[in-house]
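Enquirer: My structure is below; once you've seen it, I'll send some questions.
The values are calculated or read from the model by the stated rules, or taken from the named source; none is laboratory data. Keep in mind the model is a prediction, meaning the values are calculated, not measured. For neighbour counting, all protein chains shown are included, and Cβ atoms are generated from backbone atoms with ideal geometry for every residue, glycine included. Ligands, DNA and RNA are excluded from the accessible area calculation, which covers all protein heavy atoms including side chains. Shrake-Rupley method; radii C 1.70, N 1.55, O 1.52, S 1.80 Å.
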Amino acid sequence: MRKVAWSVAHQEFIISDHYYFSKLQKYAKEAGLHIEEVDDLEKFSQYDTIIFNYPEIPFTPEEADFIEDLVKSGKTVGIFGYYKNEDKIADTCNTLSERFGIHFNGDIVTDNVSNYEKDNLLIVTGDTYNLPGEIKKVMLACTDTITTRKPQVRPLIHGENTAESKLGCETVLFAEYVDPSGGKFIAGGTCVFWDNYSIDLYNNKELSLNLLSR
């Protein structure tokens, strides 16, 4: 059974919040994934995957060193932000993600054509890369863009041609750094693609389980 640490060490959204994440917990359990909320970074080495979902406390250089070592040892680490740099979320994510050549831009993405329920902030895209074939289309609500700055970083999800960044950035929405060890650092522009509202739309469930077991 794959063990997943859902961090609460940096004031993240808690997965035990039934209103927001009960479906994710259910689907993960059915898929053989064991998720625990963990409030101590030192314990992360005991897990296969570590998730930071909307961290509100910046990472110190020492913490970034520790997490980088986890990726180098073969672990998977994921960090997920939000649009508009609300609560300085992009800045906070960057205190960790820039170590891996990934920068959160803190912008707003809209798509007036490919969206859910005619809401241009609920981005729908099938422009996916390096993901299983069953993940054909996903809905990413209120998402930031990310810029990649190292050759080891590859895209996972890109907006459709009709998606636009308010800052004029390329609409890379999810990407991952791949370490020679096989470890991965995944960054996503939104943290609500796997909440109870979104997870049953399109292939969001399959995406969520893939990111937890990647």
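Enquirer: For segment 29-59, give me each residue that is in contact with a helix residue (DSSP H, G or I) (Cβ under 8 Å, 6 or more places away or on another chain), outside any helix (DSSP H, G or I), open to solvent by less than 20 Å² (accessible area, probe 1.4 Å) and within 11 Å of ALA5 (Cβ to Cβ).
Expert: VAL38, THR49, ILE50, ILE51, PHE52
Enquirer: Scan (1) open to solvent by 70 Å² or more (accessible area, probe 1.4 Å); (2) within 19 Å of the chain's Cα centre (by Cα) for the single condition TYR19 breaks and write down its number.
Expert: For TYR19, the exception is condition (2).
Enquirer: Sticking with this one: Among the candidates PHE100, PHE80, which residue alone is open to solvent by less than 60 Å² (accessible area, probe 1.4 Å), among the hydrophobic types (A, V, I, L, M, F, W, C) and within 21 Å of PHE13 (Cβ to Cβ)? Before the answer, list the steps.
Expert: Details: PHE100 fails: within 21 Å of PHE13 (Cβ to Cβ).
Criteria check complete, one pass: PHE80.
Enquirer: Working carefully through the options VAL178, VAL153, VAL192, find the one that is of a type in the set (A, V, I, L, M, F, W, C) and open to solvent by less than 20 Å² (accessible area, probe 1.4 Å).
Expert: Sole residue among the options that is of a type in the set (A, V, I, L, M, F, W, C) and open to solvent by less than 20 Å² (accessible area, probe 1.4 Å): VAL153.
Enquirer: So, one more: Suppose we keep only residues that are outside any strand (DSSP E or B), within 20 Å of TRP194 (Cβ to Cβ) and among the charged types (D, E, K, R) within segment 85-126. Which one would you say is modelled with the highest pLDDT?
Expert: GLU117
Enquirer: Among VAL138, VAL124, which is the only one that is aliphatic (A, V, I, L, M), buried (at least 17 other Cβ atoms within 10 Å of the Cβ), under 29 Å from GLY74 (Cβ atoms) and in contact with a Ser or Thr (Cβ under 9 Å, 6 or more places away or on another chain)?
Expert: Of VAL138, VAL124, the one residue that is aliphatic (A, V, I, L, M), buried (at least 17 other Cβ atoms within 10 Å of the Cβ), under 29 Å from GLY74 (Cβ atoms) and in contact with a Ser or Thr (Cβ under 9 Å, 6 or more places away or on another chain) is VAL138.
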